[in-house]
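K.L.:
Quick one: the structure is below, and I'll ask about it shortly.
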Amino acid sequence: MFPALLNELAKGDPPGRLDDEQYLEALRDAALILLYRLLFVLYAEDRKPLPVDDKRYDEYALRRMRQSASQDG
């Protein structure tokens, strides 16, 4: 999953940036931060400290995407 995330983030980069080691390290760090934040939100939705039972939260929730991905896979 992590290599796929890096590849998707890199698709929007200007040409030539993928040869820069500092840039690649920054990209890796940004991808890790994003991944950890997504994992935290998914965990919090599962354990319910977030208001997942409130209909107003539905448009912010990641659980719909998670359910969709599990049905597609």
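K.L.:
Pick the calculated Rg and Dmax of the Cα atoms in Å for this structure from (1) 15.8, 46; (2) 13.9, 53; (3) 15.9, 52?
P.N.:
(1)
K.L.:
Further, regarding this structure: Most fluctuating residue of A61, A26, A44 in a GNM of the chain with Cα springs under 10 Å: which is it?
P.N.:
A26
K.L.:
Something else about it: Add +1 for every Lys or Arg and -1 for every Asp or Glu among the other residues with Cβ under 14 Å from the Cβ of N7, and state the total.
P.N.:
Result for the neighbourhood of N7: +1.
K.L.:
Let me ask something additional. Enter the angle in degrees (range 0 to 90, nearest 10) between the Cα long axis of helix 2-11 and the first principal axis of the Cα atoms of the chain, meaning the one along which they spread out most.
P.N.:
The angle comes out at about 60 degrees.
K.L.:
In debye, nearest 20: dipole of the chain around its Cα centre with unit charges on the Cβ of K, R (+) and D, E (-)?
P.N.:
The dipole magnitude comes to about 400 debye.
K.L.:
Next question. Give me the net charge of E25's neighbourhood, meaning all other residues with Cβ under 14 Å from the Cβ of E25; Lys, Arg count +1, Asp, Glu -1. Walk me through the numbers before you get to the answer.
P.N.:
Working: positive: R17, R28; negative: D13, D19, D20, E21, D29.
Cβ neighbours under 14 Å give a net charge of -3.
K.L.:
Can you compute the FRET efficiency between L9 and S70 using 1/(1 + (r/R0)^6), with r the Cβ-Cβ distance and R0 = 22 Å? Round to the nearest 0.05. Could the numbers behind the result be given before it?
P.N.:
Values: r = 23 Å, r/R0 = 1.05.
Once the sixth-power term is evaluated, E becomes 0.45.
Read the figures in this text as sums done on the coordinates, not as results from a lab. Just so you know, these numbers come straight off a predicted model, no measurement behind them. Please note: Cβ atoms are built from the backbone with ideal geometry, for glycine as well, and neighbour counts cover all protein chains shown.
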